[in-house]
Amino acid sequence: MLKAVLTGVATVGLFALAPVFYANQTLLFSAMMYLVLAQGINVLYGFTGYLPFGYVGFFGAGAYAGALSVLRLGLSPVLALVVGGVVAVLVGVVLVPLLRLSGAYFAIANLAAAQALYYVVSNPDLQALTNGPYGINLAVAYNATASYAAMVALLGLALATVVYLRHSRLGLALRAIREDRISAELAGINVVRERTIAWLLSALLAGLCGAAFAWYISVFYPETVFSLNVSIFAIVFALFGGAATLAGPIVGTLVLYGLYSAIGISQPEYFQLIFGLVIVGLVLFLPDGLASLSERAGFEVP
Amino acid sequence: MLAYTLVGGLLFGLYFGLVALGLNLVFGVMRLVNLAHGDFLMLGAFAAYWAYQLFGLTPVSALAAEVVIFSALGLALYYAVVPRLLASSDPEMLSFILFFGLSQALQALAVIAFGNNPRSIPATVFGRAPVRILGQAFPAAWMVSGVVSVALVLFVYLYLYHSRLGRATRAVMSSREEAMVSGIDVHRVSAAALGVGLMLAAMAGAFSPFMLGSIEPGMGTAVTTVSFTVTVIGTLGEPLGTVLGGLVYGMSLMLMESYLSSWANLLPYLLLIAIMLVRPAGLLARRARYA
């Protein structure tokens, strides 16, 4: 517990102070964003085994809800963040029936839901509301420092959520359900309630993250915030480090996002190739991520 | 308009059945989710494109070469990854992630090898004269695609129901353990199924320039989604059900495009979600799959 809190505080502190030493704030912001999303995936996949392939749907919903509540309702950006989170949770509530599906079926249905959301938001018929395929311009609310601070706070929230799950009855119950649903039910765990809580928590993190992204980036298109790559990056970062741990997704994000920013922007196809091969190798040789390597060496991962 | 939509829907439906058939065969036999299915279709499309560019072969004549290349690829892929995957803790979920990685790698390799420019094969390779059905004119390429699809579905039917290997394949589909106990070489059967699966995807790819749009490295992801929709409509793990799924999908797509076109691209996703929630085991359901 102490080690986990220290890891979390150190990570948040690092990102809070980093802009002083390092000029590329957008890179830091994106790294934090993927860190929050990877932890959001971790909350769901690590603790329940549901792999949300359409996780980006919550992110996009949060980004659009936040941006539109500033543009159409004149809310303050901070309030808009909350709206983004709430709308993502509402989308999560609508999609709760998907949790009845298992394994790959859930992943595919979730992906389909995110794509459906994308086609609704980007539909030219809805231009009056969402501006359709032409995207959002949020320059009126632009404030790089405040939105960066918001993302730091959000990172703290995401890490605290994972620490809480690792050390609480809820997290224990979720892991019991993941391992053996029937036995968990027999032990008196309310399976439907617990996994719904994890699902909505995960949606909330992505929604807040989307709204913070919209505020920071200020100009974006539907394909930016509903890009399947967002889900995929977050999933692979979490799995690479090791799901169901706090440090795993942090390490996974820092290593792979670092690699991405080094070669992914100038030579995306080579990055994609490495990325694909890393995934194949991971599944075949290290299905529990880097964390399992360090646990095998006798070092407990927080 | 309606006659055009229905005949077009039939042709596209047959073709979509072929597109998804390999995915379903692989899932049925190995319970593996081949998320790279669409990317093998993309490779098949490029193979047909180069066969046309370099040797002037039509996609129909290119099929022979595709059979050899892609069934060999399927066999190699099987022995390289699948036995290890099936021995892991959660093969279905891990296969999903593994084939996703493979899909990324294949897309990247295709970009490196062929570049990002969209390519196409002129639809006039099958003659300029349109085919008339019910007084409506259809491109000859649509007809050829439909006919080839029917022929390949027939081939899969004969393979599954009228060959020794097919009987063993169906035994593995209904129970891998029992098939193994009764002396069936499960690895040989499964490798053959993956070979046939990739071969079918690649052959569908040969006609994709006429049915799905231009050939490009990134086309696979959308194809995989459509294949899933078709497969799920027609029951996962039931290869011949895919044909029904394809027809339902092709017809609804054509109807949407004719009468409600700005919402047409929502269709595969909504159909997929609706069917999974209402009838998760597909239209020919035998058993449901709830978490």
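Numbers for the structure displayed
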{"item": "Filter result for B:PRO118 (within 14 Å of chain A (Cβ to nearest Cβ), in contact (Cβ under 8 Å) with a residue 24 or more places away in the chain and not aromatic (Phe, Trp, Tyr))", "result": "no"}
{"item": "Extreme residue, farthest from B:GLY101 (Cα to Cα), among residues of region B:208-254 that are outside any helix (DSSP H, G or I), away from chain A (no Cβ under 14 Å) and of a type outside the set (Val, Ile, Thr)", "result": "B:LEU240"}
{"item": "Failed condition for A:ILE177, given (1) within 11 Å of chain B (Cβ to nearest Cβ); (2) in contact with a helix residue (DSSP H, G or I) (Cβ under 6 Å, 6 or more places away or on another chain); (3) surrounded by fewer than 22 Cβ atoms within 10 Å (Cβ to Cβ)", "result": "(3)"}
{"item": "Flag for A:ALA88 being under 19 Å from the mean Cα position of the chain (by Cα) and within 14 Å of chain B (Cβ to nearest Cβ)", "result": "no"}
{"item": "Qualifying residues in region A:97-119 (those that are under 20 Å from A:ALA214 (Cβ atoms) and more than 7 Å from chain B (Cβ to nearest Cβ)) - the one surrounded by the most Cβ atoms within 10 Å (Cβ to Cβ)", "result": "A:ALA114"}
{"item": "Of the criteria (1) part of a loop (DSSP other than H, G, I, E, B); (2) of a type in the set (S, T, N, Q); (3) surrounded by fewer than 21 Cβ atoms within 10 Å (Cβ to Cβ), which one B:THR124 fails", "result": "(1)"}
{"item": "Leading residue by the ranking (nearest to A:VAL56 (Cα to Cα)) among those in region A:180-215 that are in a helix (DSSP H, G or I) and among the charged types (D, E, K, R)", "result": "A:ARG195"}
{"item": "Search result, residues across region B:258-270 that are within 14 Å of chain A (Cβ to nearest Cβ), surrounded by fewer than 23 Cβ atoms within 10 Å (Cβ to Cβ) and in contact with a Ser or Thr (Cβ under 8 Å, 6 or more places away or on another chain)", "result": "B:LEU267"}
{"item": "Output for region A:259-299, where each listed residue is out of contact with any Phe, Trp or Tyr (no Cβ under 7 Å at 6 or more places or on another chain), touching a residue at least 40 places away in the same chain (Cβ under 8 Å) and away from chain B (no Cβ under 14 Å)", "result": "A:SER261, A:ALA291"}
{"item": "Test: residue in region B:45-64 that is among the small types (Gly, Ala, Ser) and at the interface with chain A (Cβ under 10 Å from one of its Cβ atoms)", "result": "no"}
{"item": "Enumeration of residues in region B:65-90 that are assigned to a helix (DSSP H, G or I), over 17 Å from B:LEU198 (Cα atoms) and more than 10 Å from chain A (Cβ to nearest Cβ)", "result": "B:PRO83, B:LEU86"}
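No value in this document is a laboratory result; all are computed from the given coordinates. Predicted model, so just to flag it, every value in this text is computed and none were measured. Every residue, glycine as well, gets a Cβ built from its backbone with ideal geometry; the counts of neighbours run over all protein chains shown.
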